[in-house]
Number of protein chains: 2
Amino acid sequence: VSIGRFSLNQRTIANWTVGELVSHCVRAGVPSVGLWREPVAAYGLERSAELVRKAGLRVSSLCRGGFFTTADRKAVLEDNRRAIDEAATLGAACLVLVVGGLPPGSTDLPGAREQVRDVLAQLAPYAGERGVRLALEPMHPIFCSDRGVLSTLDQALDLAEALPAEQVGVVVDTYHVWWDPRAEAAIARAAGRIASFQVSDWVVPLPADNLLGRGLPGDGCIDLRRLRQVTDKAGYTGDIEVEVFNEQVWARPGAEVLESLLRRHLEHVL
Amino acid sequence: VSIGRFSLNQRTIANWTVGELVSHCVRAGVPSVGLWREPVAAYGLERSAELVRKAGLRVSSLCRGGFFTTADRKAVLEDNRRAIDEAATLGAACLVLVVGGLPPGSTDLPGAREQVRDVLAQLAPYAGERGVRLALEPMHPIFCSDRGVLSTLDQALDLAEALPAEQVGVVVDTYHVWWDPRAEAAIARAAGRIASFQVSDWVVPLPADNLLGRGLPGDGCIDLRRLRQVTDKAGYTGDIEVEVFNEQVWARPGAEVLESLLRRHLEHVL
């Protein structure tokens, strides 16, 4: 049992700068980090890339591109090309795509899903040229209207499989897929397409801001170990990234949260 | 265009007694109502049944049985047999089943789903003998952990199809199924099994109590007309029941809400 594949997504400890994240991870023996564009920009892209490289850390993912359903297609493409360039600079294993919800006032869900397919096809070759893998993230249906119209892993795979595997993969995020009766079968289907595996737990009641309702591994009802095993069986050997958005967790000292996460990783995931 | 298939679920106007519900519906020309066990018990079961029958109203559904995942199997069976008896007394077209979430502390989702299958098989013949059709309600995955481990219409159909169609059908509730990429295909598959069709709309942000986040038809992002058409095409000719749980709606005068519902039914559903 080791933490050799453990990755800390930086939004789990939201108040750390990239500099603090790197020094804490090095001290704790964490081999990999998941980065977000905004804190990376705040610290400096090149500076972040150099710091992470010198520290010997892997970058398991960069969050995030996407929002393909926005009306201004030109702006969407420009922003996502920038995100791809940033992922290349950071040497990230993938760029996570949150594909966007329904446009304001729209009830055309099939149309929004078609738009995701179109924009993805336009971006994939650009990502391929820069050695960046796009990672489609199916999202829990609670987010379908305002954040991500891809609701199941099967649906994400339907899109990904139309494009080369080195250009487009999928994210298996326990929070988003755990409820799906097809989850295990879809993870098996995803063999060769799993670009990222993220863990957090489902806890109820959800807070008023549903986005911040994720629990630390072990605090909720998801069989994390089982999903990790199924993901292993599908041949995924990449990092296991802990990504928890939770205001109560953010209020605690980061080093203490990290220590707890490592313990919980052994107890509930490995 | 007519309101001939319109049904008012009584929880949409929560402060009406069964008596008030019936008189308002008769006055407004509403031909059908969906009832709940608690207000029916408060008004009296036999008294409710007689009132509704004399008024010439149909009872499109009785809510609800279920919670099959509760540990005390004997109590579950007893309570559900009582609910079946009540549905028979009321002449309800079906008894809606909210199957229950995960038991406290459990992460065994497949086990909970198996338990639903077992209890359903035990209850179905009893329902059949009393001429009551059980209606499995797949629920939006936001409710998977604490309310309903059946998350998709396909999953509900997998269970229903193992039993006679006159004993077990499914509920198509727009709020629960709209996000599902398989929704239209699953509704087509449900031909002959649709026991109830319920409408309400998806609005964001959800309130702190997620259960009360439903919007009146037309206030949200669901293509209600499309889902109604697909349900028609699957051969469903039963009532179209409006079921909205929303504290702001409950705070308004019931007669005004009903008038608005009838208008919205024409505009957004028919």
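The values are calculated or read from the model by the stated rules, or taken from the named source; none is laboratory data. In this text the structure is predicted, and so the values were computed from the model without any measurement. Heads up, the Cβs are rebuilt from the backbone with ideal geometry, glycines too, and the neighbour counts pull from every protein chain shown. Note: accessible area is taken over every heavy atom of the protein model, side chains too, but ligands, DNA and RNA are not part of it. Shrake-Rupley method; radii C 1.70, N 1.55, O 1.52, S 1.80 Å.
Could you check the stretch A:47-63 and list, in sequence order, the residues that are out of contact with any helix residue (DSSP H, G or I) (no Cβ under 7 Å at 6 or more places or on another chain) and open to solvent by 50 Å² or more (accessible area, probe 1.4 Å)?
Result: A:47, A:50, A:53, A:54, A:56, A:58.
In the stretch B:186-270, which helices (runs of 4 or more DSSP H) lie fully inside it and hold 3 or more residues that are crowded, with 17+ Cβ neighbours inside 10 Å? Steps first, answer last, please.
On the way: elements: B:224-233, B:247-250, B:254-264.
Per the criteria, B:224-233, B:254-264.
Quick one: which residue in A:249, A:204 is on the phi < 0 side of the Ramachandran plot, of a type in the set (Val, Ile, Thr) and touching an Asp or Glu at 6+ places or on another chain (Cβ under 6 Å)? I'd like the intermediate steps shown before the answer.
On the way: A:249 fails: touching an Asp or Glu at 6+ places or on another chain (Cβ under 6 Å).
Result: A:204 is the single residue among A:249, A:204 that is on the phi < 0 side of the Ramachandran plot, of a type in the set (Val, Ile, Thr) and touching an Asp or Glu at 6+ places or on another chain (Cβ under 6 Å).
Can you find even one residue in the stretch A:56-69 that is assigned to a helix (DSSP H, G or I) and either under 18 Å from the mean Cα position of the chain (by Cα) or more than 21 Å from residue A:195 (Cα to Cα) (or both)? Working first, answer last.
At the first step, the residues of the stretch A:56-69 found to be assigned to a helix (DSSP H, G or I) are none.
No, there is no match, as no residue in the stretch A:56-69 is assigned to a helix (DSSP H, G or I) and either under 18 Å from the mean Cα position of the chain (by Cα) or more than 21 Å from residue A:195 (Cα to Cα) (or both).
Determine which member of the set B:150, B:163, B:159 is open to solvent by 20 Å² or more (accessible area, probe 1.4 Å) and modelled with pLDDT of 95 or more. First the steps, then the outcome.
On the way: B:150 fails: open to solvent by 20 Å² or more (accessible area, probe 1.4 Å); B:159 fails: open to solvent by 20 Å² or more (accessible area, probe 1.4 Å).
One residue alone meets the criteria, B:163.
What single numbered condition from (1) more than 10 Å from every other protein chain (Cβ to nearest Cβ); (2) open to solvent by less than 10 Å² (accessible area, probe 1.4 Å) fails to hold for residue A:141?
If we test residue A:141 against (1) more than 10 Å from every other protein chain (Cβ to nearest Cβ); (2) open to solvent by less than 10 Å² (accessible area, probe 1.4 Å), just (1) comes out false.
Among the residues of the stretch B:165-175, is any of a type in the set (Asp, Glu) and out of contact with any strand residue (DSSP E or B) (no Cβ under 9 Å at 6 or more places or on another chain)? It would help to see each step written out before you state the result.
Residues of the stretch B:165-175 that are of a type in the set (Asp, Glu), as a first pass: B:166, B:173.
From the residues that got through so far, the ones that are out of contact with any strand residue (DSSP E or B) (no Cβ under 9 Å at 6 or more places or on another chain) too are B:166.
Looking through the stretch B:165-175, at least one residue is of a type in the set (Asp, Glu) and out of contact with any strand residue (DSSP E or B) (no Cβ under 9 Å at 6 or more places or on another chain).
For the stretch A:103-110, indicate whether the set of residues that are in a helix (DSSP H, G or I) and within 14 Å of chain B (Cβ to nearest Cβ) is non-empty. Spell out how you get there, then give the answer.
Applying the first criterion (in a helix (DSSP H, G or I)) to the stretch A:103-110 yields A:109-110.
Pick out the ones that are also within 14 Å of chain B (Cβ to nearest Cβ) and you get A:109-110.
Yes.
Conditions: (1) away from chain A (no Cβ under 12 Å); (2) touching a Leu at 6+ places or on another chain (Cβ under 7 Å). Residue B:198 meets all but one. Number of the miss?
Of everything listed in (1) away from chain A (no Cβ under 12 Å); (2) touching a Leu at 6+ places or on another chain (Cβ under 7 Å), residue B:198 misses just condition (2).
Could you look through the stretch A:151-165, keep only residues that are more than 10 Å from residue B:179 (Cβ to Cβ) and touching a Pro at 6+ places or on another chain (Cβ under 7 Å), and pick out the one that is nearest to the other protein chains (Cβ to nearest Cβ)? Before the answer, list the steps.
Taking the stretch A:151-165 first, the residues more than 10 Å from residue B:179 (Cβ to Cβ) are A:153-165.
Next, only the ones that are touching a Pro at 6+ places or on another chain (Cβ under 7 Å) stay: A:153, A:155-156.
Numbers: A:153: 11, A:155: 5, A:156: 10 Å.
Only one residue fits best here, namely A:155.
Of everything in the stretch A:204-214, what is under 19 Å from the mean Cα position of the chain (by Cα) and either facing chain B (nearest Cβ under 8 Å) or among the aliphatic types (A, V, I, L, M) (or both)? Give them in sequence order. Quick ask: steps written out before the conclusion?
Narrowing the stretch A:204-214 to residues under 19 Å from the mean Cα position of the chain (by Cα): A:210-214.
Hits for the stretch A:204-214 are A:210, A:211, A:212.
Which of the residues belonging to the stretch A:161-185 are in contact (Cβ under 8 Å) with a residue 24 or more places away in the chain and assigned to a loop (DSSP other than H, G, I, E, B)?
A:161, A:162, A:163, A:164, A:165, A:166, A:167, A:178, A:179, A:180, A:182
Looking at the stretch A:25-44, which of the residues that are of a type in the set (A, V, I, L, M, F, W, C) and over 10 Å from residue A:57 (Cα atoms) is most open to solvent (accessible area, probe 1.4 Å)?
To start, the set of residues in the stretch A:25-44 that are of a type in the set (A, V, I, L, M, F, W, C) comprises A:25-26, A:28, A:30, A:33, A:35-36, A:40-42.
Filter again for over 10 Å from residue A:57 (Cα atoms), leaving A:28, A:35-36, A:40-42.
On the way: A:28: 40, A:35: 1, A:36: 11, A:40: 3, A:41: 72, A:42: 92 Å².
Going through the qualifying residues, I end up with A:42.
From (1) facing chain B (nearest Cβ under 9 Å); (2) open to solvent by less than 10 Å² (accessible area, probe 1.4 Å); (3) not in a loop (DSSP other than H, G, I, E, B), pick out the condition that doesn't hold for residue A:113.
Status for residue A:113: all satisfied but (2).
Among the residues of the stretch B:75-92, is any open to solvent by less than 70 Å² (accessible area, probe 1.4 Å) and either under 19 Å from residue B:244 (Cα atoms) or at pLDDT below 95 (or both)? Step through it out loud before you land on a result.
Taking the stretch B:75-92 first, the residues open to solvent by less than 70 Å² (accessible area, probe 1.4 Å) are B:75-77, B:79-80, B:83-92.
Going one step further and asking which of them are either under 19 Å from residue B:244 (Cα atoms) or at pLDDT below 95 (or both), we end up with none.
No, there is no match, as no residue in the stretch B:75-92 is open to solvent by less than 70 Å² (accessible area, probe 1.4 Å) and either under 19 Å from residue B:244 (Cα atoms) or at pLDDT below 95 (or both).
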